[in-house]
Amino acid sequence: MRELKYIFVLMLITVGFSSLFSQNFDLNTAINGNCGIVRRVSVYGDDNREEYCAQNMIIRELADSVAAFFRDDGHSIVKSGNTYRLAQTTLSQSERLSPGERFSDQPASSFCTGFLISDDMMVTAGHCVRDNLSDASDHIASGCNQNTRQGVYCKDIKIVFGYKKNIGGIVPVSISEDNVYSCDKVVAHSFNAGPDYTVIKLDRKVKNIKPLAVDRKNSALKVGTEVFVIGHPSGLPLKIAGNAEVIKLNEDMQVNRNGTKINYLNKNYSFLTNLDTFHGNSGSPVLNAKTLMVEGILVSGDEDYVHDPSSTSTNITARYQEHPSSNEYGSGVGEVATKISVLSVIPVTQREKDMIDMNKRAGGDLYRYLLNELLNYNNQNNNAMQNGVVPIPNFTPDSGAVIQHPVYHPDSIPIPSASIEI
């Protein structure tokens, strides 16, 4: 199954889908995902975040390279035999949410996100790792809405792969020790008065998971580039959020926060998006929705939760206009990503070489090409759906909403949304 899921890295163009799918596997799940339920088409909320299990095999393969960062504090993650138990404090409890907020009953125990760039190296946000942060640094820097004191020392971080709602719709309460890693050392770090990123080395090589491919020169990045993000918003099990685009690039931007001007965007090393991201998304890969390569690292954004005006003690998800146009923090100023091109220490991997080659063959829209191939294979075999209904691969919800969280919707959607039509 691993080689099947890795189709778009090396094997698809050379051998085709028929050879790759010669093994026994569930084609319906490959196309539509499986969260243990059947959803009606176009029934989505105002929020773009979707579960891992709801994605097609292409997006799931990318998501497998993304991990959650946990504090090794004796509570968030605890060793128990050959597994690690994860804290079960819910999002509702941690954020004091009003009833009805999305994902409120899911655990929210991780603090940042990271992604694999080699077999033993990961990238995350600079403010997530404390080793090189000054104890006196108690301020907002580079637009980040997290205090620098919130970073965790490398030695106190556990990196967990597989913290997600799996096929079938189950969120694990414990993770095999084989999928839990420690931070061995900081390889590169930048935060204050510069780009926000950290590169760490793991305590051992990661098995059976491939690193993400990066657009190391950001050659495909421009205003309007369609992007999506994979990560752990608010410490939740892994979510994928798309239906977004780059809205500012190669320009500086300041925002007003409580009467103080903050440098929010720097033309040399960051860009602005309207992605649906929350504080736990820090360190998440921002991927090009066509090339499937990493363009940036999610590092900061506007307020995530605000007081519920109908309640005296609970909060709701902040909702902003779909196209950020304000320079007032708290009014929807957009979500910031560090350009991947500023990280010179990322090694060139075979996956990167293969993805570059395959994008050339696919005219720069590898994802669309792969979806078409997958659907063509489905149509030829006619064994994924009944009554001639062809499923549309799930990726992002419909664009009907005009109000969002740091949840913004661009007008055009690069990837069709869907589930199973009933």
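The values are calculated or read from the model by the stated rules, or taken from the named source; none is laboratory data. Worth saying up front: this structure is predicted, and the values here are computed from it rather than measured. Positions of Cβ are backbone-derived with ideal geometry, glycine not excepted, and every protein chain shown enters the neighbour counts.
Are there any pairs with C-beta distances below 8 angstrom linking a residue in the stretch 354-382 that is free of Cβ contacts under 8 Å to residues at least 24 places away in the same chain to a residue that is surrounded by fewer than 12 Cβ atoms within 10 Å (Cβ to Cβ) and not in a helix (DSSP H, G or I), with the two at least 6 apart or on different chains, and if so which?
Short answer, once both residue conditions are applied: Tyr369/Gly363.
On the basis of being within 18 Å of Val255 (Cα to Cα), modelled with pLDDT of 80 or more and either surrounded by 24 or more Cβ atoms within 10 Å (Cβ to Cβ) or charged (D, E, K, R) (or both), does Val294 make the cut?
no
Only one of Ile230, Ile200, Ile262 is under 20 Å from the mean Cα position of the chain (by Cα) and over 22 Å from Ser344 (Cβ atoms); which? If you could, list the steps in order and put the result at the bottom.
Details: Ile200 fails: over 22 Å from Ser344 (Cβ atoms); Ile262 fails: under 20 Å from the mean Cα position of the chain (by Cα).
Criteria check complete, one pass: Ile230.
Taking only pairs six or more apart or across chains, which ones have beta-carbon atoms under 9 Å, a first residue in the stretch 249-268 that is farther than 26 Å from Asn218 by Cα, and a second residue that is aliphatic (A, V, I, L, M)?
Pairs that qualify, where the first residue is farther than 26 Å from Asn218 by Cα and the partner is aliphatic (A, V, I, L, M), are Asn256/Ile262; Arg257/Ile140; Thr260/Ile140; Lys261/Val255.
Is there a residue in the stretch 234-253 that is in contact with a Ser or Thr (Cβ under 7 Å, 6 or more places away or on another chain), closer than 14 Å to Lys339 by Cβ and of a type in the set (Asp, Glu)?
No: the stretch 234-253 contains no residue that is in contact with a Ser or Thr (Cβ under 7 Å, 6 or more places away or on another chain), closer than 14 Å to Lys339 by Cβ and of a type in the set (Asp, Glu).
Of everything in the stretch 342-352, what is within 26 Å of Pro195 (Cα to Cα) and either in a helix (DSSP H, G or I) or out of contact with any Phe, Trp or Tyr (no Cβ under 9 Å at 6 or more places or on another chain) (or both)? Give them in sequence order.
Of the residues in the stretch 342-352, the ones within 26 Å of Pro195 (Cα to Cα) are 342-349, 351-352.
Matches in the stretch 342-352: Val342, Ser344, Val345, Ile346, Pro347, Val348, Thr349, Arg351, Glu352.
Return the residue satisfying two criteria in turn: it lies in the stretch 210-233 and is surrounded by fewer than 19 Cβ atoms within 10 Å (Cβ to Cβ) and in contact with a strand residue (DSSP E or B) (Cβ under 6 Å, 6 or more places away or on another chain), and of such residues it is farthest from Val336 (Cα to Cα).
Among those that are surrounded by fewer than 19 Cβ atoms within 10 Å (Cβ to Cβ) and in contact with a strand residue (DSSP E or B) (Cβ under 6 Å, 6 or more places away or on another chain), it is Ala220.
Exactly one of these conditions fails for Gln254: (1) crowded, with 20+ Cβ neighbours inside 10 Å; (2) assigned to a strand (DSSP E or B). Give me its number.
(1)
I'd like to check something: does the stretch 261-273 contain any residue that is basic (Lys, Arg) and assigned to a strand (DSSP E or B)?
Yes, there is a match, as at least one residue in the stretch 261-273 is basic (Lys, Arg) and assigned to a strand (DSSP E or B).
Filter the stretch 235-251 down to the residues that are assigned to a strand (DSSP E or B) and within 26 Å of Glu50 (Cα to Cα) and list them by number.
Lys239, Ile240, Ala241, Gly242, Asn243, Ala244, Glu245, Val246, Ile247, Lys248
Mind checking whether some residue in the stretch 104-125 is assigned to a loop (DSSP other than H, G, I, E, B), at pLDDT below 90 and farther than 25 Å from Leu212 by Cβ?
Looking through the stretch 104-125, at least one residue is assigned to a loop (DSSP other than H, G, I, E, B), at pLDDT below 90 and farther than 25 Å from Leu212 by Cβ.
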